[in-house]
Amino acid sequence: MSAEREYDVIVLGLGAMGSAAAAHLARRGLRTLGLEQYGPAHDKGSSHGESRMIRKAYFEHPAYVPLLERSYALWRELEAESGTDLLTVTGGLLIGSPESATVAGGRASAERWGLAHRILERSELIAEFPTFDPPEGAVGLWEPDAGFVRPEAAVSAHLRVAEAHGADLRFNEVVTDWSAGERGVPVEVVSAGGRFRAGRLVVCAGPWAPQVLAGLPVRLWVERQVLYWFEPSGPIDPFLLGRQPVWIWETEDPEVQLYGFPALGRTGGVKVAFFHGGEPSTPEGISRTVSEAEAARMAEGVRRVLPGLGGGRLLRATTCMYTNSPDRHFVIGELPGVPEVAVACGFSGHGFKFAPVVGELLADLATGVTPRDLPVELFSPSRG
Ligand SMILES: Cc1cc2nc3c(=O)[nH]c(=O)nc-3n(C[C@H](O)[C@H](O)[C@H](O)COP(=O)(O)OP(=O)(O)OC[C@H]3O[C@@H](n4cnc5c(N)ncnc54)[C@H](O)[C@@H]3O)c2cc1C
């Protein structure tokens, strides 16, 4: 097989991060090839299911905040360029005890970066947001800038921008092999459709990263997660977009967080999910069936914070995958020992909101620009 065409950069995987990388690379005038094993904005990876939370008072680590500020700006740019509504600000609540990692961590980030926020005592929280009734001892951190992004529309918008700037995007084309620095060729990629050469490779394989990047020092593992849409037991109105904010509640068990969104219409239900606590899985082995027992466990959890929702009927549920790093921080940078390859993976269930800024960081890495705001150590692909 001979090389079909030469490119400046090949992007492996066109989900949240790969579509953003392709858009940023093509916008910079680079000859960009994107290869994706499924169709555009598909539901078999990590980037589907109606909504993804975005927030700035980041309990995970204050180093994410500059990236978030940039991400908000880039989502608005993408909306303008693609003519699509992507980001909706609803305000958000972090709920838990004042010492919980969620509330204390969110507060630390908000104070460190001077972000708009308010701490609400439990009684104030219930008075302002009557759908909520968290257990005694809980407080709320209110963040006016929090909201959600529409994932399918966002991936599609990045793909359209990439194509409009000349990227060659190929779908239903699985990459079966890649090499870098062999036989004097910077990068060679073999897919079901051919063999391609390029100066650089950007790998955004999501939950397939453990297979595609076998030599990565960070040990990634894939976690099965379920998204649930419940119908409230009473009227939908107090749960509708415009009245209900996005929220995260840390239960008394610090390993268990529950979160949810407003209803996006009168009939589709109100989306809720657990943050972590799912079982280990693989893209090939994941069970897509949601059992009655797990739905009942979710209803029970929701009842403890939103009593009018947990008692309602389950309308639908769908599965999705997290790709976790051991410390739950992202993995972004050069593949150790392989300067031609940049990787972005290990988003540990909280990556979507960053997609456009990750695309920009990857375009920097692939063009030899020192990326702005990248916490190099925190995200290092060579950490153990
Ligand atoms: C249930 C759930 C809820 C979430 N909630 C939030 C949230 O509220 N806020 C938030 O910020 N984040 C959230 N996340 C996390 C966020 O969605 C992910 O971090 C993000 O979508 C990961 O994007 P990705 O591009 O790495 O992976 P994906 O979007 O899965 O993209 C990887 C792509 O690579 C392709 N690929 C892989 N291998 C190959 C190959 N060999 N050849 C060709 N193509 C290949 C795949 O088909 C796929 O399209 C959530 C995730 C889940 C599952």
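Could you tally the net charge around residue 376, taking each other residue with its Cβ under 11 Å from the Cβ of residue 376, Lys/Arg +1 and Asp/Glu -1? Intermediate results must be reported in sequence, preceding the final value.
Values: positive: 383; negative: 334, 373, 377.
Counting the neighbours of residue 376, the net charge comes to -2.
Given H placed on each backbone N at 1.01 Å, which residues far from residue 247 in sequence or on other chains put an amide H within less than 5 Å of it?
Correct list: 93, 260.
Output the Cα-based Rg and Dmax of the stretch 273-340 in Å, rounding Rg to one decimal and Dmax to a whole number.
Cα only, the stretch 273-340: 17.2, 54 Å (Rg, Dmax).
In whole Å, how far is the Cα centre of the stretch 82-114 from that of the stretch 35-67?
15
Taking Cα atoms, how many degrees apart are the long axis of helix 292-303 and the longest axis of the chain, rounded to 10 and kept between 0 and 90?
Computed tilt is about 60 degrees.
Going by average Cβ neighbours within 10 Å, how do the peptides 11-24, 230-243 rank, with the highest at the top?
Result, highest mean Cβ count within 10 Å first: 11-24, 230-243.
List the pair-distance distribution P(r) of the stretch 44-193, using every Cα-Cα distance, as the percent of pairs falling in each 10 Å bin from 0 up to the bin containing the longest distance, rounded to whole percents.
10, 27, 26, 20, 12, 5, 1
Can you divide the C-alpha Rg of the chain by 2.2 N^0.38 Å and report the result to two decimal places?
Relative to the rule-of-thumb radius for its length, the chain sits at 0.99.
Expressed as an acute angle from 0 to 90° and rounded to the nearest 10, what is the orientation of the C-alpha long axis of helix 16-27 relative to the principal long axis of the chain?
50
Where only protein heavy atoms count, and the probe is 1.4 Å, what is the accessible area per residue for the stretch 4-45 in Å²? Intermediate values should be presented prior to the final figure.
Details: 1350 Å² over 42 residues.
Solvent-accessible surface per residue comes out at 32 Å².
Calculate how steeply helix 101-113 sits against the longest principal axis of the alpha-carbon atoms of the chain, using the helix alpha-carbon long axis, and give the answer as 0 to 90 degrees to the nearest 10.
On a 0 to 90 degree scale, this one is about 70.
How many angstrom lie between the C-alpha centres of the stretch 128-192 and the stretch 306-384?
That distance is 9 Å.
Does the stretch 53-94 come out rounded, prolate or oblate, given a ≥ b ≥ c as the square roots of the eigenvalues of its C-alpha gyration tensor, rounded meaning a/c under 1.5 and, failing that, prolate meaning a/b above b/c?
oblate
Among the GluC sites (Glu not before Pro) within the stretch 89-189, which fall in a DSSP loop and have no more than 13 other Cβ atoms within 10 Å of their own Cβ?
99, 121, 136
Just need the Rg to Rh number for the stretch 122-182, please, alpha carbons only, Kirkwood Rh.
The Rg/Rh ratio comes out at 1.35.
What fraction, in whole percent, of alpha-carbon pairs in the stretch 327-380 exceed 14 Å separation? Provide the component values of the computation, followed by the final result.
On the way: 717 of 1431 pairs.
That fraction is 50 percent.
Dipole magnitude of the stretch 187-328 about its Cα centre, charges +1 at Lys/Arg Cβ and -1 at Asp/Glu Cβ only, in debye to the nearest 20? Walk me through the numbers before you get to the answer.
On the way: 15 positive and 14 negative charges, 119 e Å.
So the dipole magnitude of the stretch 187-328 works out to roughly 560 debye.
For the stretch 232-384, take N as its residue count and report Rg(C-alpha) divided by 2.2 N^0.38 Å.
Output field value: 1.29.
Counting only C-alpha contacts under 8 Å and six or more residues apart, can you give the relative contact order of the chain as a whole percent?
Computed over the chain, the figure is 23 percent.
Out of the total accessible area of the chain (probe 1.4 Å, heavy atoms of protein only), what percent is carbon and sulfur?
Carbon-and-sulfur percentage of accessible area, whole number: 51.
On average over all directions, what projected area in square nanometres does the stretch 91-130 have, based on the convex hull of its Cα atoms?
The Cα convex hull of the stretch 91-130, projected and averaged over all directions, gives 2.8 nm².
Where both residues lie in the stretch 233-340, what percent of DSSP beta bridges are antiparallel, nearest 5?
On the way: 9 of 10 bridges.
Counting only bridges with both partners in the stretch 233-340, antiparallel ones make up about 90 percent.
Using the alpha carbons of the stretch 161-311, what is the convex hull volume per residue in cubic angstrom, as a whole number?
Convex hull volume per residue, Cα atoms: 181 Å³.
Roughly how compact is the stretch 45-126, stated as its Cα Rg over 2.2 N^0.38 Å to two decimals?
The value comes to 1.25.
The values are calculated or read from the model by the stated rules, or taken from the named source; none is laboratory data. Nothing here was measured: the structure is a model prediction, and the numbers come from that model. All Cβ positions, glycine included, derive from the backbone under ideal geometry; neighbour counts span all protein chains shown. Please note that ligands, DNA and RNA were not included when accessible areas were found on the heavy atoms of the full protein model with its side chains. Shrake-Rupley method; radii C 1.70, N 1.55, O 1.52, S 1.80 Å.
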